[in-house]
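Taking it in order: structure first as C-alpha cells, then the write-up.
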Amino acid sequence: MILVTGATGKVGGQVVSQLLDRGAAFRALSRDPGTAGLPDGVEAVAGDLSDPESLDAALDGADTVFLVWPFLTAEAAPAVLDRIAKHARRIVYLSMMGAQERTDGPVDPITLFHSEVERQIERSGLAWTFLQPVGFASNTLGWAPQVRAEGVVRDLNGALARPLIHERDIAAVAVRVMTDGPDEGHAGAKYVLTGPALITQAEQAHAIGEAIGRPVRFEEMTLAEKREQMLAWLPPSGVDAVMNAWAGMAGSSEPVTDTVEELTGTAPRTFRAWAADHAADFR
Ligand SMILES: NC(=O)c1ccc[n+]([C@@H]2O[C@H](COP(=O)([O-])OP(=O)(O)OC[C@H]3O[C@@H](n4cnc5c(N)ncnc54)[C@H](OP(=O)(O)O)[C@@H]3O)[C@@H](O)[C@H]2O)c1
C-alpha cells in the first residue's frame, strides 16, 4: 500500500493517475478530500502535514510514502518523519536538483529546506529514494496571464537555457520506484531528473505560441524589474539568494541526464510536448 501526499498537486496528481492505470494499491492524501476532485476509484484520505497526528489513519497499513513537502521550512519534518517511520518502511521524496550541494553564495530558501528534509530522511531509518528534478516546465504557467492578455512573456534572460521537465516524467519515475520490489537498487538512490534537452526561455515562449496557434514573443526584463517583482512575495534576503541561483544557471548550464529514460524505458517529454498538453492554460 502506497500513500501519495501532494495528491492534488502537479506531480502527485500524475502519480495518482499513473498508479490508478497500473491498478496499484494506494491512497491519496489531501487536507480536504471532499473538494480534492480526485479521479473516481481513488481512495482519498484526509491528513495535514502540519498536524502529524492527523496522518495516522492515512498511514495505517501503508508501507511506502510518496512525500511532497509543501512548506518553505523543514521545521515540521522531524515530527512528520517520525509518524511515517512508525508505519512505513520506504519513502520516495520529491526533492530538487542541487539539494545538499549548493554552497556558493547565499543559498535560496527552497534549496535550504529540501536539503534539510533530505538530511532528516537520511536519519529516519526509512529506506529512502530522493527524486531531484530540475525546474518544472509547469513553472512557465506563471507566464499564462501575460500570454493570454498580450501574447508576450516578460522575464529575465531570454537566452537562459534549462532542461525543464514535464511533471508526468517525474511521476513516471516515482511510480517505477514505488512499484518495484525492495531489492531493485532504489534504496539510497538520488535520481537527478531532467527533460531531454536545454531550451532557452525565448524558445519556451515560442513553443507556447506554437501550442496555442498564436505568436508569443519574449521581452527581456531588467534585473531591477525582476527584483522588484520578486520582492512582492520574498524577503530581500530570499530575493538575493534566488538571484544568486539564477546567476549560477546563466553562468553554467544545468546538466541533462538520461535517468528518466533509464528508469522508465521512455525518453522524457520535450517542452513542446508539455506546452501542447497545457495549451488550454495559455489560450
Ligand atoms: N517547481 C519547480 O521547479 C520544482 C523543482 C523541484 C522541486 N520542486 C518541489 O516540488 C514540490 C511541489 O510539488 P507540486 O508542484 O507537484 O505541488 P503543487 O502542485 O504546488 O501542490 C501542492 C500539494 O501539496 C498539498 N499540501 C499543501 N499543504 C499541505 C499540508 N499542510 N498538508 C498536506 N498536504 C498539503 C496540496 O494538497 P491539498 O491542498 O489537497 O491538501 C497539493 O496537493 C515542492 O516541494 C517544490 O519545492 C519544485
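Looking at the range 130-163, which of its residues are aliphatic (A, V, I, L, M), in a strand (DSSP E or B) and within 16 Å of the ligand (Cβ to nearest atom)?
If we filter the range 130-163 for residues that are aliphatic (A, V, I, L, M), which is where we start, we get 131, 134, 137, 141, 144, 147, 149, 152-153, 156, 159-161.
Remaining after also requiring in a strand (DSSP E or B): 131, 152-153, 161.
Across the range 130-163, the qualifying residues are 131, 161.
Among the listed residues 49, 38, 3, identify the single one that is in contact (Cβ under 8 Å) with a residue 60 or more places away in the chain, aliphatic (A, V, I, L, M), buried (at least 16 other Cβ atoms within 10 Å of the Cβ) and within 12 Å of the ligand (Cβ to nearest atom).
Only one candidate qualifies: 3.
Going through the range 80-111 one residue at a time, which ones are outside any loop (DSSP other than H, G, I, E, B), within 11 Å of the ligand (Cβ to nearest atom) and within 20 Å of residue 135 (Cα to Cα)?
Residues of the range 80-111 that are outside any loop (DSSP other than H, G, I, E, B), as a first pass: 80-87, 90-94, 109-111.
With the extra rule that they be within 11 Å of the ligand (Cβ to nearest atom), the set shrinks to 80, 93-94, 109-111.
Hits for the range 80-111 are 93, 94, 109, 110, 111.
Only one of these is within 30 Å of residue 129 (Cα to Cα) and in contact with a helix residue (DSSP H, G or I) (Cβ under 7 Å, 6 or more places away or on another chain): 275, 250, 207, 279. Name it. Full working, then the answer.
On the way: 250 fails: in contact with a helix residue (DSSP H, G or I) (Cβ under 7 Å, 6 or more places away or on another chain); 207 fails: within 30 Å of residue 129 (Cα to Cα); 279 fails: within 30 Å of residue 129 (Cα to Cα).
Result: 275 is the single residue among 275, 250, 207, 279 that is within 30 Å of residue 129 (Cα to Cα) and in contact with a helix residue (DSSP H, G or I) (Cβ under 7 Å, 6 or more places away or on another chain).
Kindly list the number of the only condition in (1) within 12 Å of the ligand (Cβ to nearest atom); (2) buried (at least 19 other Cβ atoms within 10 Å of the Cβ); (3) more than 29 Å from residue 259 (Cα to Cα) that fails for residue 76.
Failed condition: (2).
Looking at the range 216-259, which of its residues are part of a helix (DSSP H, G or I) and modelled with pLDDT of 95 or more? So that I can check it myself, show each step before the final result.
Initial filter on the range 216-259 (part of a helix (DSSP H, G or I)): 223-230, 236-251, 259.
Answer for the range 216-259, where residues must be part of a helix (DSSP H, G or I) and modelled with pLDDT of 95 or more: just 259.
Got at least one residue in the range 18-26 being surrounded by 23 or more Cβ atoms within 10 Å (Cβ to Cβ), within 14 Å of the ligand (Cβ to nearest atom) and not charged (D, E, K, R)?
no
Take the conditions assigned to a strand (DSSP E or B) and closer than 26 Å to residue 73 by Cβ and apply them to residue 192. Does it pass?
Numbers: assigned to a strand (DSSP E or B): yes; closer than 26 Å to residue 73 by Cβ: yes.
The answer is yes for residue 192.
Among the residues of the range 43-77, write down those that are part of a loop (DSSP other than H, G, I, E, B) and closer than 11 Å to residue 27 by Cα.
Initially, the range 43-77 is screened for residues part of a loop (DSSP other than H, G, I, E, B), giving 47-51, 60-63, 68-76.
60, 61, 62 - these are the residues of the range 43-77 that are part of a loop (DSSP other than H, G, I, E, B) and closer than 11 Å to residue 27 by Cα.
Considering only residues of the range 248-283 that are of a type in the set (D, E, K, R) and within 17 Å of residue 172 (Cβ to Cβ), which is surrounded by the most Cβ atoms within 10 Å (Cβ to Cβ)? Lay out the reasoning, then the answer.
Restricting attention to the range 248-283, the residues satisfying the condition of being of a type in the set (D, E, K, R) are 254, 258, 261-262, 269, 272, 277, 281, 283.
Right, trim to within 17 Å of residue 172 (Cβ to Cβ) and you get 258, 261-262, 269, 277.
Working: 258: 11, 261: 13, 262: 11, 269: 20, 277: 16.
Step by step, filter the range 248-283, then rank; the result is 269.
Filter the range 112-129 down to the residues that are of a type outside the set (Phe, Trp, Tyr) and not in a helix (DSSP H, G or I), then identify the one that is farthest from the ligand (Cβ to nearest atom).
Start the filter on the range 112-129 by keeping residues that are of a type outside the set (Phe, Trp, Tyr), which leaves 112, 114-127, 129.
From what's left, not in a helix (DSSP H, G or I): 123-127, 129.
Working: 123: 19, 124: 17, 125: 22, 126: 18, 127: 21, 129: 15 Å.
Checking each candidate, the answer is 125.
Please work out which residue is farthest from residue 274 (Cα to Cα), limiting yourself to the range 164-189 and to residues that are assigned to a loop (DSSP other than H, G, I, E, B) and either under 14 Å from the mean Cα position of the chain (by Cα) or polar (S, T, N, Q) (or both). Walk me through it before giving the result.
Taking the range 164-189 as the starting set, the residues that turn out to be assigned to a loop (DSSP other than H, G, I, E, B) are 164, 166, 180-188.
Of the ones still in play, those that are also either under 14 Å from the mean Cα position of the chain (by Cα) or polar (S, T, N, Q) (or both) are 164, 166.
Values: 164: 10, 166: 6 Å.
So, considering only residues that are assigned to a loop (DSSP other than H, G, I, E, B) and either under 14 Å from the mean Cα position of the chain (by Cα) or polar (S, T, N, Q) (or both), the one farthest from residue 274 (Cα to Cα) is 164.
Where residues in the range 195-215 are in a loop (DSSP other than H, G, I, E, B) and not charged (D, E, K, R), which of them is surrounded by the fewest Cβ atoms within 10 Å (Cβ to Cβ)? Please lay out each step first, then the result.
Step one: filter the range 195-215 for residues in a loop (DSSP other than H, G, I, E, B), giving 195-198, 213-215.
From what's left, not charged (D, E, K, R): 195-198, 213, 215.
Numbers: 195: 27, 196: 20, 197: 12, 198: 17, 213: 8, 215: 12.
So the residue we want is 213.
The values are calculated or read from the model by the stated rules, or taken from the named source; none is laboratory data. The shown structure was predicted, so the numbers you read here are calculated from the model rather than taken from an experiment. Using ideal geometry, Cβ is built from the backbone for each residue, glycine included, and neighbour counts are taken over all protein chains shown.
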